[in-house]
Amino acid sequence: MRSQMRTLLIGSLLAFSLSAMASPLDDARNAGYAIEVPTGYVQATPTAPPEVQAMIAEINQRRLAAYAQIAKKNGITTEQVATESYRQRSKIN
């Protein structure tokens, strides 16, 4: 029960904290310049232009900060949060 609540909390917090970045990232995904990877981060494809690569680097820095904050509050690792974030994102897309 506690684990399920933690998962819901993590998913809700991530959706809220990352929602401002969704549109440009969606555009990059749709153009084939960015992909979500199971580690919970975004990866630029080899054909991604420099401005998309910079955007992805910034998104990944923000994700890492959000993951670390959520992990600390819940007594779990950043990697656990990142993996759960990927799983939640995979359900949405």
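Looking at the P(r) of the range 19-93, how many percent of alpha-carbon pairs lie beyond 14 Å? Beyond 14 Å sits 61 percent of the P(r) for the range 19-93.
Fully extending the segment from Asn30 to Arg87 would add 18.6 nm, taking 0.36 nm per residue of separation and subtracting the current Cα-Cα distance.
Once the Cα-Cα distance is subtracted from the 0.36 nm per residue extended length, the Gln80 to Glu58 segment shows a gain of 5.8 nm.
Coordinate-derived values only; no laboratory data. Predicted model, so just to flag it, every value in this text is computed and none were measured.
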